[in-house]
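> This is the structure, below, for whatever I ask next.
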Amino acid sequence: MAPPSAAAPPAPSPSPSSSLSPPLVPMELHVRNRDKLLKSLRQSLRDAGRPLHGFVILQGGEEQARHDTDHTELFRQESYFAYLFGVIEPGFFGAIDITSGNSLLFVPRLPSEYAVWLGEIKPLSFFEEKYMVNKVFYTDDIVKVLQEQFQGQGKPLLFLLHGLNTDSNNFAKPAEFEGVENFATDLTTLHPILTECRVTKSDLELAVIQFANDISSEAHVEVMRKIRVGMKEYQLESIFLHHTYMYGGCRHCSYTCICATGGNSAVLHYGHAAAPNDRTLEDGDMALFDMGAEYHFYGSDITCSFPVNGKFTSDQSLIYNAVLQAHDAVIAAMKPGVSWVDMHKLAERTILQSLREGNIIFGDLDHMMVERLGAAFMPHGLGHLLGIDTHDPGGYLQGLERPKEPGLSSLRTVRELLEGMVITVEPGCYFIDALLDPAMDRANTSKFFNHDVIGRFRTFGGVRIESDVLVTATGCKNMTNVPRQTCEIEAVMAGAPWPLSKSSVHLENGESKSES
């Protein structure tokens with residue numbers, strides 16, 4: 001018998017817009033995640049000379065109302081809980097018995113009126129089978145059950161999740177329930193171990209991340225094909241969201257879509273509430289679309305940059321190819337043991353070299369690197385770990401310090417790469433007055449700028465190219481599949497299929513067409 005799987009939306013009718021359909025995700029994925037944690041935690045306890053007893057206990061997410069209204073926001077599970085248990089419903093608790101290895105779920109005891117408004121009240125056996133755990137109880141029985149299951153001496157010990165997320169600077173919330181004071185608690189051991197478990201991905205996790213990449217890549221191509229001068233940025237966001245949901249069953253996005261055109265493409269986190277993807281596209285604009293779908297908790301994070309009218313100008317080609325060369329150079333150099341700081345510097349140096357060749361800056365590249373000139377054009381870090389969260393945790397191990405230098409201080413990790421990591425490669429080049437003006441005024445960096453030429457790019461905006469990359473045993477694999485070369489982008493925007501077929505030809509005058 002096949003193992004129970006997460007419910008997937010029924011496959012939509014075949015459509016020329018997509019070759020994909022939502023896959024079933026086996027709950028074995030989360031069983032393996034629990035086994036990975038249990039193995040790591042037991043080893044840590046052995047190394048510390050501590051007994052192998054107690055419980056890991058996590059509290060799942062709760063539904064949230066919109067401010068003071070009765071409108072319930074669409075629920076998405078807390079990420080650590082999702083990682084270990086795969087539960088889609090709110091209000092659950094989960095525990096792992098360190099001695100026996102058994103997994104326990106605690107579900108809320110629902111009132112009878114739930115069946116009227118929200119559907120059938122499922123028996124405990126339903127959740128036991130659905131989530132492949134050893135036993136399921138109600139949340140109001142947590143204290144009794146854990147005390148009965150405990151096999152050690154004295155008060156039962158609970159390993160609670162509490163630790164800093166170095167991307168958000170927020171702390172994970174330890175489980176809270178009535179009667180927790182009857183237990184001994186450990187707030188320091190679990191978080192670093194569980195976080196490190198999430199850093200490298202299993203084959204089952206990678207399959208889900210690959211699907212999120214596949215459907216998101218397809219949606220980005222759809223946006224390229226349908227973009228037109230005069231549209232609104234949010235219309236392109238809508239095309240992406242529709243495609244990933246309609247054909248991929250992706251109800252959630254990994255993050256708020258960034259659909260930036262013109263000068264907005266120099267706003268790194270454009271698309272927020274105060275800048276809601278609402279500009280009208282103009283002829284000559286560059287577009288920067290940073291969008292990724294989420295499927296079964298696991299995400300993607302892809303950025304495509306291209307001209308709104310489908311044709312690169314010489315200036316657009318200069319900046320775009322500078323970023324593309326950095327993107328490709330990093331991917332070519334990635335393998336286990338490589339320093340992510342070195343990869344960031346490689347991207348910076350590659351971009352600066354291209355800008356120097358384009359006569360935007362001049363001077364010695366080594367001196368530019370010493371003076372951190374690259375941060376004036378790429379203030380963000382090169383990339384971040386990706387998984388159940390867009391910015392997956394684990395970027396800074398205990399004892400690792402964040403660099404202080406401009407640009408490097410924005411790195412979301414300074415680790416050496418490990419086989420099984422999924423990390424984004426997202427170099428960018430932006431023309432941001434708030435960064436350029438101080439750099440052009442400082443004596444140690446002003447000398448590098450071609451002040452006559454740089455003015456031509458003041459309203460350019462920016463370019464970012466972002467792919468999701470798996471670190472393999474000997475190198476890496478790009479999980480993202482979108483047009484990247486300027487000729488590929490122009491061909492797809494002109495109607496060529498993607499991937500480009502052998503019948504797609506590139507004409508000498510720069511136009512592309514697809515032959516039948």
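The values are calculated or read from the model by the stated rules, or taken from the named source; none is laboratory data. Predicted model only: the values in this text are computed from it and were never measured. When we count neighbours, we look across all protein chains shown, and the Cβ atoms used for this are built from the backbone with ideal geometry, even at glycine. These accessible areas exclude ligands, DNA and RNA; they are computed on the full protein's heavy atoms, side chains included. Shrake-Rupley method; radii C 1.70, N 1.55, O 1.52, S 1.80 Å.
> Any residue at all in segment 501-513 that is under 27 Å from D214 (Cα atoms) and modelled with pLDDT of 95 or more?
No.
> Moving on to the next point. Can you tell me how many residues within segment 243-290 are outside any loop (DSSP other than H, G, I, E, B) and under 23 Å from A434 (Cα atoms)?
Residues that pass the stated criteria total 14.
> Is it the case that segment 374-397 has a residue that's within 30 Å of H296 (Cβ to Cβ) and at pLDDT below 95?
Yes, some residue in segment 374-397 is within 30 Å of H296 (Cβ to Cβ) and at pLDDT below 95.
> For segment 136-156, give me each residue that is open to solvent by 50 Å² or more (accessible area, probe 1.4 Å) and part of a loop (DSSP other than H, G, I, E, B).
Matches in segment 136-156: Q151, Q153, G154, K155.
> How about segment 33-81: which of its residues are touching a helix residue (DSSP H, G or I) at 6+ places or on another chain (Cβ under 8 Å) and of a type in the set (S, T, Y)?
Within segment 33-81, S40, S44, Y80 meet the criteria.
This table checks each residue for (1) at pLDDT below 95; (2) aromatic (F, W, Y); (3) open to solvent by 70 Å² or more (accessible area, probe 1.4 Å).
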| position | (1), (2), (3) |
| --- | --- |
| S112 | no, no, yes |
| W117 | no, yes, yes |
| N134 | no, no, yes |
| L158 | no, no, no |
| E176 | no, no, yes |
| T189 | no, no, no |
| V199 | no, no, no |
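> Now, a different point. Within segment 222-230, is even one residue surrounded by 22 or more Cβ atoms within 10 Å (Cβ to Cβ) and farther than 30 Å from M286 by Cα?
no
> Among E120, E129, which is the only one that is farther than 18 Å from Q59 by Cα and in a helix (DSSP H, G or I)?
E129
Each row is one residue, and each column tells you yes or no for (1) over 27 Å from the mean Cα position of the chain (by Cα); (2) without any contact (Cβ under 8 Å) to a residue 12 or more places away in the chain.
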site: H71; (1), (2): yes, yes
site: R76; (1), (2): no, no
site: V87; (1), (2): no, no
site: S100; (1), (2): yes, no
site: V136; (1), (2): yes, no
site: D141; (1), (2): yes, no
site: P156; (1), (2): yes, no
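> Now a separate question. Only one of N169, N165 is open to solvent by less than 70 Å² (accessible area, probe 1.4 Å) and out of contact with any Cys (no Cβ under 9 Å at 6 or more places or on another chain); which?
It is N165.
> Name every residue in segment 47-103 that is assigned to a loop (DSSP other than H, G, I, E, B), open to solvent by less than 60 Å² (accessible area, probe 1.4 Å) and of a type in the set (G, A, S), in order of residue number.
G54, G60, G61, G86, G91, S100, G101 - these are the residues of segment 47-103 that are assigned to a loop (DSSP other than H, G, I, E, B), open to solvent by less than 60 Å² (accessible area, probe 1.4 Å) and of a type in the set (G, A, S).
> Could you check segment 483-492 and list, in sequence order, the residues that are open to solvent by 10 Å² or more (accessible area, probe 1.4 Å) and not in a helix (DSSP H, G or I)?
Within segment 483-492, R484, Q485 qualify.
> Report whether or not S501 is of a type outside the set (A, V, I, L, M) and within 17 Å of I360 (Cβ to Cβ).
Here the answer is no, as S501 does not meet what is asked.
> Is it the case that some residue within segment 203-220 is more than 24 Å from R484 (Cα to Cα) and either open to solvent by 10 Å² or more (accessible area, probe 1.4 Å) or small (G, A, S) (or both)?
yes
> Give all pairs with beta carbons closer than 8 Å in which a residue from segment 231-257 that is touching a residue at least 24 places away in the same chain (Cβ under 8 Å) and hydrophobic (A, V, I, L, M, F, W, C) meets a residue that is open to solvent by 10 Å² or more (accessible area, probe 1.4 Å) and in a helix (DSSP H, G or I); count only pairs at least 6 apart in sequence or on separate chains.
Partner pairs satisfying both residue conditions: L236/K226; F240/E222; C253/L241; C257/E237; C257/L241.
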